[in-house]
Amino acid sequence: MKKLLIGLVLIIVALSPIYAVSGFAVTYGETTYGNSDWKNSVNNYFQSHTSQNISDANSKVITASEVNEISQNITGKTYPSSQIYSCAMVDLSYSNGIKIIVDTSKINVVTPKMYENALESSGITNGYVVVTSPTTASGEAALAGVFKSYEIAVGTPIPDQAKEAATAELYTETQIVNETGQNADNIADLFDKIKTEVQKQNLEDPSQIKIIVINMANSANINLTDEQAQQIANAISNSQKAQGSLTDFKNQLKNVTQQATDASGILNQIMNYLQGIFDYLKGLLGQ
């Protein structure tokens, strides 16, 4: 009987990685990855926010050159390899839209809503995302890691046009927050509402989008200069123009998400079934 119990445990252990790994990825900033203490702290944070085993995740190190490839032409910022701290985890088995957790004790500028806006502009509207860092960081550079986590989980690259547009949008949001003194989520909500209306009207012309920006900002009692309104209009225009490049990625994301969700459900059923047998046999042994 004890051998049977051991066999059931081994079956559970063997099945777990088969069904749990699909659509599950982690990226580490190269500075963090090179410091074992920092990497461990990040893994512990991720593990505390998932029921999956972090060691089963597909992983990749994000380098400064990868971050700078996108950021330098948009934000004007470049980062040395000693300053790539942020890390991200993506799990596509999450079936209730998109959920983003940001470690606010470390990420001090970019909010979950800001990441959600940027991801939406990249064709991403589902998945469970966790962002952290071993030390204080703005979170802007972390977007590169989130993108890479999705690319690893999905198995298909996000087009550069879409990544650049989303990065520019995130950067514009943080700039508007800094310049207006508004709450970050208020600005993120403004961007979300503007994008929804722009998508509804299927607009790409910055001059037309600017009118919507001004009207919605006034309705939200957010004072923008003409230059700020134009910056927002330009960023959203570029995001709109990038949508046509995302067809293949969005189709693959949909397929992998369905597979990951189905696999998670199958694993839970198997685990529950085996747990029932285990409890029954354990009861017999106890007698």
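The values are calculated or read from the model by the stated rules, or taken from the named source; none is laboratory data. Keep in mind that this is a model prediction, so the values were computed, not measured. Here the Cβ positions follow ideal geometry from the backbone for every residue, glycine too, while neighbour counts run over all protein chains shown. For accessibility, only protein heavy atoms count, side chains too; no ligands or nucleic acids. Shrake-Rupley method; radii C 1.70, N 1.55, O 1.52, S 1.80 Å.
On the stretch given as region 91-142, residues that are part of a loop (DSSP other than H, G, I, E, B), closer than 20 Å to I54 by Cβ and among the charged types (D, E, K, R) total 2.
How many residues does region 6-37 hold that are on the phi < 0 side of the Ramachandran plot, at pLDDT 60 or above and in contact with a strand residue (DSSP E or B) (Cβ under 9 Å, 6 or more places away or on another chain)? Explain how you work it out, then say what you get.
Restricting attention to region 6-37, the residues satisfying the condition of being on the phi < 0 side of the Ramachandran plot are 6-22, 24-37.
The next check asks that each one be at pLDDT 60 or above; those that pass are 24-37.
Remaining after also requiring in contact with a strand residue (DSSP E or B) (Cβ under 9 Å, 6 or more places away or on another chain): 24-30, 32-34.
Number satisfying all stated conditions: 10.
Is there a residue being of a type in the set (A, V, I, L, M, F, W, C) and open to solvent by less than 10 Å² (accessible area, probe 1.4 Å) anywhere in region 70-81? Checking region 70-81: not a single residue is of a type in the set (A, V, I, L, M, F, W, C) and open to solvent by less than 10 Å² (accessible area, probe 1.4 Å). Regarding region 189-199, can at least one residue be identified that is of a type outside the set (F, W, Y), outside any helix (DSSP H, G or I) and modelled with pLDDT of 95 or more? There is no residue in region 189-199 that is of a type outside the set (F, W, Y), outside any helix (DSSP H, G or I) and modelled with pLDDT of 95 or more. Considering region 224-244, and only residues there that are open to solvent by 40 Å² or more (accessible area, probe 1.4 Å) and either under 25 Å from V154 (Cβ atoms) or at pLDDT below 95 (or both), the residue that is nearest to the chain's Cα centre (by Cα) turns out to be Q243. Scan region 114-125 and tell me whether some residue there is open to solvent by 30 Å² or more (accessible area, probe 1.4 Å), out of contact with any strand residue (DSSP E or B) (no Cβ under 8 Å at 6 or more places or on another chain), over 20 Å from A184 (Cβ atoms) and of a type outside the set (K, R). For region 114-125, residues open to solvent by 30 Å² or more (accessible area, probe 1.4 Å), out of contact with any strand residue (DSSP E or B) (no Cβ under 8 Å at 6 or more places or on another chain), over 20 Å from A184 (Cβ atoms) and of a type outside the set (K, R): absent.
Residue pairs whose Cβ atoms lie under 7 Å apart, sitting 6 or more positions apart in sequence or on different chains, and linking a residue in region 38-54 that is farther than 15 Å from V90 by Cβ to a partner that is outside any helix (DSSP H, G or I) and at pLDDT 95 or above, are W38/P134; K39/Y28; S41/P134.
Which one of V102, V146 is touching a residue at least 12 places away in the same chain (Cβ under 8 Å), open to solvent by 10 Å² or more (accessible area, probe 1.4 Å), closer than 20 Å to A57 by Cα and among the aliphatic types (A, V, I, L, M)? Show your work before the answer.
Values: V146 fails: open to solvent by 10 Å² or more (accessible area, probe 1.4 Å).
Going through V102, V146 in turn, just one is touching a residue at least 12 places away in the same chain (Cβ under 8 Å), open to solvent by 10 Å² or more (accessible area, probe 1.4 Å), closer than 20 Å to A57 by Cα and among the aliphatic types (A, V, I, L, M): V102.
When each of V129, V154 is tested for being closer than 30 Å to Q259 by Cα, of a type outside the set (D, E) and in contact with a strand residue (DSSP E or B) (Cβ under 8 Å, 6 or more places away or on another chain), the lone residue that passes is V129.
For region 140-161, the candidate set comprises residues that are within 21 Å of Q243 (Cβ to Cβ) and of a type in the set (V, I, T); within that set, the residue that is farthest from the chain's Cα centre (by Cα) is T156.
Just the residues that are under 17 Å from the mean Cα position of the chain (by Cα) and open to solvent by 40 Å² or more (accessible area, probe 1.4 Å), please, taken from region 49-60. Don't jump to the end; show me each part of the working.
Of the residues in region 49-60, the ones under 17 Å from the mean Cα position of the chain (by Cα) are 49-50, 52, 54, 57-60.
Those that are under 17 Å from the mean Cα position of the chain (by Cα) and open to solvent by 40 Å² or more (accessible area, probe 1.4 Å): H49, N58, S59, K60.
Name the single residue, out of those in region 127-139 being surrounded by 19 or more Cβ atoms within 10 Å (Cβ to Cβ) and not small (G, A, S), that is farthest from the chain's Cα centre (by Cα). Before you say what the answer is, go through the steps one by one.
Of the residues in region 127-139, the ones surrounded by 19 or more Cβ atoms within 10 Å (Cβ to Cβ) are 127-134, 137, 139.
From what's left, not small (G, A, S): 128-132, 134.
Working: Y128: 7, V129: 4, V130: 7, V131: 7, T132: 11, P134: 18 Å.
By that ranking, first place goes to P134.
For region 143-159, residues that are assigned to a helix (DSSP H, G or I) and β-branched (V, I, T) total 3. Total residues in region 200-219 satisfying the condition of being touching a residue at least 12 places away in the same chain (Cβ under 8 Å), loosely packed, with under 14 Cβ neighbours inside 10 Å and part of a helix (DSSP H, G or I): the figure is 1.
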